[in-house]
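Structure, as structure tokens:
The values are calculated or read from the model by the stated rules, or taken from the named source; none is laboratory data. Worth saying up front: this structure is predicted, and the values here are computed from it rather than measured. Here the Cβ positions follow ideal geometry from the backbone for every residue, glycine too, while neighbour counts run over all protein chains shown. To get the accessible areas, we keep the full protein, side chains included, count just its heavy atoms, and leave off ligands, DNA and RNA. Shrake-Rupley method; radii C 1.70, N 1.55, O 1.52, S 1.80 Å.
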Amino acid sequence: TSLSRAVQDLGHNVEVILPKYDCLNLSNVKDLHYRQSFTWGNTEIKVWFGKVEDVPVYFLEPQNGMFWVGCVYGRNDESRFGFFCHSALEFLRQNGSSPDIIHCHDWSSAPVAWLFKEQYAQNGLSNGRVVFTIHNLEFGAHHIGKAMARCDKATTVSYTYSREVSGHGAIAPHFSKFHGIRNGIDPDIWDPYSDNFIPVHYTSENVVEGKSAAKKALQQRLGLQQTDTPVVGIISRLTVQKGIHLIKHAIYRTLERNGQVVLLGSAPDHRIQGDFTNLASKLHGEYHGRVKLCLTYDEPLSHLIYAGADFILVPSMFEPCGLTQLTAMRYGSIPIVRKTGGLYDTVFDVDDDKDRAREQGLEPNGFSFEGADSNGVDYALDRAITTWYDARDWFHSLCKRVMEQDWTWNRPALDYMELYHSARKN
């Protein structure tokens with residue numbers, strides 16, 4: 001919704017089309033109602049309409065049960081999403097819509113790019129241009145390659161990730177139409193000034209008081225010692241991509257430096273989940289009251305961690321954009337990141353990246369490291385924790401500074417508008 005709203009705010013009409021999954025939480029959809037039905041592929045498809053955060057959304061519900069399987073992914077996905085893409089285009093055609101831009105995302109809506117060009121561009125939707133965004137190249141490269149060939153313009157979610165994947169077989173032949181535009185965060189959802197999940201609302205002006213209250217609440221809630229100590233927060237899916245070997249090392253290193261660690265996250269792979277469950281009971285026993293691993297998904301708790309932690313660690317092996325570091329800064333937490341993808345584009349090391357930050361019109365805003373071993377993570381983590389202990393006033397001014405940087409959709413939305421206009425000239 002965030003990009004859609006930002007483009008809407010610039011005065012354009014945006015509509016979203018999604019499958020009506022049976023597992024959707026529809027409480028966030030305002031005025032949801034049945035709008036019409038149409039037939040495609042011998043199947044009746046019911047169309048529902050509502051608004052999500054002020055963005056008009058159409059939900060397509062094929063009566064063949066393709067999206068009544070209790071989950072989004074993992075059930076014969078290619079045919080389900082292929083069917084959805086085809087019926088979405090058919091819905092536009094039968095409705096007499098003529099969008100200027102059809103913007104599709106990742107492998108699951110990639111078929112829109114070639115179906116449009118092969119069947120619809122001459123057939124009722126001749127006005128349209130296709131923009132295709134890759135959020136993660138790890139999945140569905142074959143579909144992504146086909147969409148790259150047929151779309152008018154393509155993007156991925158940060159400039160550095162676009163360079164990192166430029167040699168990939170799905171992208172290299174089409175690199176001239178491929179652009180990196182970083183994602184933003186939604187400033188309404190992530191706003192310490194109005195956040196209901198934190199004890200004291202704050203802005204950059206009272207960041208020290210606000211974060212101090214949040215830290216106490218966090219320590220209390222998780223049974224940690226109520227001491228004045230640096231807290232390192234980790235909010236992550238626990239996958240190899242996210243650098244789990246570095247996460248484990250950083251937990252021990254922080255404890256050695258008398259810090260506290262809070263980890264929130266779960267692993268899709270049950271072996272990794274089991275591994276972390278064992279690590280949790282070991283750590284909770286050995287370092288009682290100084291470390292807490294919450295191996296689940298808990299959005300309200302994530303807000304409290306962003307507000308209550310001093311640092312947020314993101315040691316990803318690769319990261320197309322990364323929103324964790326951007327959200328951290330919105331809450332005045334200092335990011336500690338590995339230099340890759342969007343992390344490199346948004347976090348500028350206070351010691352090593354002063355010139356690079358200045359080129360972007362920014363002040364340095366965090367701690368970063370290269371390499372993928374424990375020495376790298378120590379280099380960034382040690383400097384961060386030392387700063388907290390030895391230069392507390394300077395550290396507080398850094399918290400204020402990162403809160404005042406703009407990592408919302410304001411700038412990226414303008415970049416997308418420019419791209420949409422250039423697609424129209426094709």
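Return the only residue of Thr408, Thr324 being more than 23 Å from Ser166 (Cβ to Cβ) and at pLDDT below 95. Give the steps one after another, and end with the answer.
On the way: Thr324 fails: at pLDDT below 95.
The unique qualifying residue is Thr408.
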Checklist entry - Can you tell me which residues in the range 171-206 are open to solvent by less than 10 Å² (accessible area, probe 1.4 Å) and among the small types (Gly, Ala, Ser)? => result Gly184
Checklist entry - Listed residues Asp373, Asp355; which is over 19 Å from Ile247 (Cα atoms) and open to solvent by 40 Å² or more (accessible area, probe 1.4 Å)? => result Asp355
Item to check | Pairs where the first residue, in the range 93-120, is touching a residue at least 60 places away in the same chain (Cβ under 8 Å) and the second is loosely packed, with under 15 Cβ neighbours inside 10 Å and in a helix (DSSP H, G or I), C-beta under 7 Å, 6+ apart | outcome: Asp100/Arg424
Checklist entry - Is there any pair with a first residue in the range 350-371 that is free of Cβ contacts under 8 Å to residues at least 12 places away in the same chain and a second that is in a strand (DSSP E or B) and of a type outside the set (Lys, Arg) whose Cβ atoms are under 9 Å apart and which are 6 or more apart or on different chains, and what are they? => result Arg356/Asp349; Ala357/Asp349
Checklist entry - Listed residues Thr408, Thr346, Thr386; which is out of contact with any Ser or Thr (no Cβ under 6 Å at 6 or more places or on another chain) and either among the charged types (D, E, K, R) or buried (at least 19 other Cβ atoms within 10 Å of the Cβ) (or both)? => result Thr346
Next on the checklist: Of the conditions (1) assigned to a strand (DSSP E or B); (2) in contact with an Asp or Glu (Cβ under 9 Å, 6 or more places away or on another chain); (3) aromatic (Phe, Trp, Tyr), Phe59 satisfies every one except a single condition; which number is it?
Outcome noted: (2)
Checklist entry - Is it the case that Ser158 is more than 19 Å from Ile101 (Cβ to Cβ), crowded, with 23+ Cβ neighbours inside 10 Å, assigned by the TED database to the domain that holds Lys117 and not charged (D, E, K, R)? => result yes
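Identify all residues within the range 316-368 that are β-branched (Val, Ile, Thr) and touching a strand residue (DSSP E or B) at 6+ places or on another chain (Cβ under 9 Å); write none if there are none.
The answer is Thr324, Thr327, Ile334, Ile336, Val337, Thr346, Val347, Val350.
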Checklist entry - Which residues, counting only those in the range 241-266, are of a type outside the set (D, E, K, R), open to solvent by 20 Å² or more (accessible area, probe 1.4 Å) and not in a helix (DSSP H, G or I)? => result Asn258, Ser266
Item to check | helices (runs of 4 or more DSSP H) completely within the range 327-426 that count 3 or more residues being of a type in the set (A, V, I, L, M) and over 22 Å from the mean Cα position of the chain (by Cα) | outcome: 374-390
Checklist entry - Applying the selection to the range 34-43, what residues are of a type outside the set (A, V, I, L, M, F, W, C) and either out of contact with any strand residue (DSSP E or B) (no Cβ under 7 Å at 6 or more places or on another chain) or open to solvent by 80 Å² or more (accessible area, probe 1.4 Å) (or both)? => result Tyr34, Arg35, Thr39, Gly41, Asn42
Checklist outcome for this item: Of (1) closer than 30 Å to Leu293 by Cα; (2) open to solvent by less than 50 Å² (accessible area, probe 1.4 Å); (3) among the hydrophobic types (A, V, I, L, M, F, W, C); (4) modelled with pLDDT of 95 or more, Leu137 satisfies every one except (4)
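Yes/no per residue for (1) on the phi > 0 side of the Ramachandran plot; (2) among the aromatic types (Phe, Trp, Tyr); (3) at pLDDT 95 or above:
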{"site": "Gln63", "(1), (2), (3)": "no, no, yes"}
{"site": "Tyr73", "(1), (2), (3)": "no, yes, no"}
{"site": "Ser79", "(1), (2), (3)": "no, no, no"}
{"site": "Gly82", "(1), (2), (3)": "no, no, yes"}
{"site": "Leu89", "(1), (2), (3)": "no, no, yes"}
{"site": "Ser108", "(1), (2), (3)": "no, no, yes"}
{"site": "Val112", "(1), (2), (3)": "no, no, yes"}
{"site": "Tyr120", "(1), (2), (3)": "no, yes, no"}
Checklist entry - Are any residues in the range 327-339 out of contact with any Gly (no Cβ under 6 Å at 6 or more places or on another chain) and either open to solvent by less than 10 Å² (accessible area, probe 1.4 Å) or without any contact (Cβ under 8 Å) to a residue 60 or more places away in the chain (or both), and if so, which ones? => result Thr327, Ala328, Met329, Tyr331, Gly332, Ser333, Ile336, Val337, Lys339
Next on the checklist: When the residues of the range 267-310 are narrowed to those that are within 15 Å of Ser236 (Cβ to Cβ), among the hydroxyl-bearing types (Ser, Thr, Tyr) and part of a loop (DSSP other than H, G, I, E, B), which ends up most open to solvent (accessible area, probe 1.4 Å)?
Outcome noted: Tyr297
Checklist entry - Taking the range 207-217 only, how many residues are crowded, with 21+ Cβ neighbours inside 10 Å and among the polar types (S, T, N, Q)? => result 0
